[in-house]
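The values are calculated or read from the model by the stated rules, or taken from the named source; none is laboratory data. Nothing here was measured: the structure is a model prediction, and the numbers come from that model. Glycine gets a Cβ as well: all are built from the backbone with ideal geometry, and neighbour counts include every protein chain shown.
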Amino acid sequence: MRDPNIGEILIQADELRARIADLGEQISADYAGREIQLVCVLKGAVLFVADLMRQLSVPCRVDFMAVSSYGSATSSSGVVRILKDLDHSIEGQHVLIVEDIIDSGLTLQYLLRNLRSRKPASLEVCSLLTKPSRREVDLPIKYTGFPLPDRYAVGYGLDLDQRYRNLPYVAALTDDAVRAAGGERPAPPAEPTR
Ligand code: 5GP
């Protein structure tokens with residue numbers, strides 16, 4: 001029986017596979033002759049980076065960063081705390097930030113500023129999902145997988161209270177589940193983790 005919190009499937013597993021293969025091809029062409037330093041933003045982007053990096057035909061390295069953004073139940077504030085920093089310097093590297101989803105864009109705005117100050121040779125962003133209607137800041141996002149409507153999405157790395165990350169597709173939460181979780185967008189946990 002399907003989980004009653006899970007509503008409409010927004011992106012099927014085979015659509016994810018096909019789009020990620022396209023992204024891998026495009027990124028490999030753009031970075032031909034260079035090595036990519038992937039920066040995966042934990043935890044939501046873990047499934048995406050694992051699939052994307054297998055589609056790259058250029059050499060790459062991967063490092064992980066965990067951040068938490070503080071905010072109300074419905075929006076992030078742009079105040080970001082680094083929970084886990086990169087293990088290695090990115091100075092002089094061609095850095096590609098790999099994100100799960102860009103909503104207001106405030107978390108990414110902070111990350112871009114933070115990583116730019118470490119003097120990479122180049123810095124770009126690849127986000128599997130974006131919600132264009134919720135964007136509050138204009139950011140240079142070179143690669144995106146799919147635009148999403150303004151719905152709270154779970155699956156393929158995205159969670160609700162750490163659940164549902166293992167779903168092979170991206171689905172919307174039902175309206176009831178969104179309400180039960182505290183409104184338009186579920187409230188962040190007391191000690192936020194992503
Ligand atoms: P932003 O700072 O762009 O408003 O928020 C980005 C972060 O909020 C994402 O990396 C993700 O952790 C969380 N987020 C935004 N929208 C959703 C959503 O629809 N589902 C889930 N599970 N997380 C979301």
Can residue 41 be described as closer than 19 Å to residue 122 by Cα and surrounded by fewer than 18 Cβ atoms within 10 Å (Cβ to Cβ)?
-> no
Output yes when any residue across the range 25-44 is over 17 Å from the mean Cα position of the chain (by Cα), among the small types (Gly, Ala, Ser) and in a helix (DSSP H, G or I), and no when none is.
-> yes
Residues within the range 153-169 that are out of contact with any Pro (no Cβ under 8 Å at 6 or more places or on another chain) and either over 19 Å from residue 10 (Cα atoms) or near the ligand (Cβ under 9 Å from one of its atoms) (or both), tallied | 8
Might you let me know whether the range 80-94 holds any residue that is assigned to a strand (DSSP E or B), within 14 Å of the ligand (Cβ to nearest atom) and touching a Phe, Trp or Tyr at 6+ places or on another chain (Cβ under 6 Å)?
-> yes
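Here are some residues: 150, 100. Which one is within 11 Å of the ligand (Cβ to nearest atom), without any contact (Cβ under 8 Å) to a residue 24 or more places away in the chain and either touching a helix residue (DSSP H, G or I) at 6+ places or on another chain (Cβ under 9 Å) or part of a helix (DSSP H, G or I) (or both)?
Selected residue: 150, the only one of 150, 100 that is within 11 Å of the ligand (Cβ to nearest atom), without any contact (Cβ under 8 Å) to a residue 24 or more places away in the chain and either touching a helix residue (DSSP H, G or I) at 6+ places or on another chain (Cβ under 9 Å) or part of a helix (DSSP H, G or I) (or both).
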Inspect all residues belonging to the range 31-46 and state whether any of them is closer than 25 Å to residue 181 by Cα, more than 10 Å from the ligand (Cβ to nearest atom) and touching a Gly at 6+ places or on another chain (Cβ under 8 Å).
-> yes
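Please specify each residue of the range 103-120 satisfying the condition of being more than 16 Å from the ligand (Cβ to nearest atom) and of a type outside the set (Ser, Thr, Tyr).
Correct list: 116, 118, 119, 120.
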Please enumerate the residues belonging to the range 104-140 that are closer than 23 Å to residue 32 by Cα and either modelled with pLDDT under 95 or in a strand (DSSP E or B) (or both).
-> 122, 123, 124, 125, 126, 127, 128, 140
Could you check how many residues of the range 121-147 are surrounded by 14 or more Cβ atoms within 10 Å (Cβ to Cβ), within 11 Å of the ligand (Cβ to nearest atom) and either over 13 Å from the mean Cα position of the chain (by Cα) or not aliphatic (A, V, I, L, M) (or both)?
-> 6
Scope the range 161-188; condition buried (at least 16 other Cβ atoms within 10 Å of the Cβ), modelled with pLDDT of 95 or more and part of a loop (DSSP other than H, G, I, E, B); matching residues = 164, 165, 167, 169
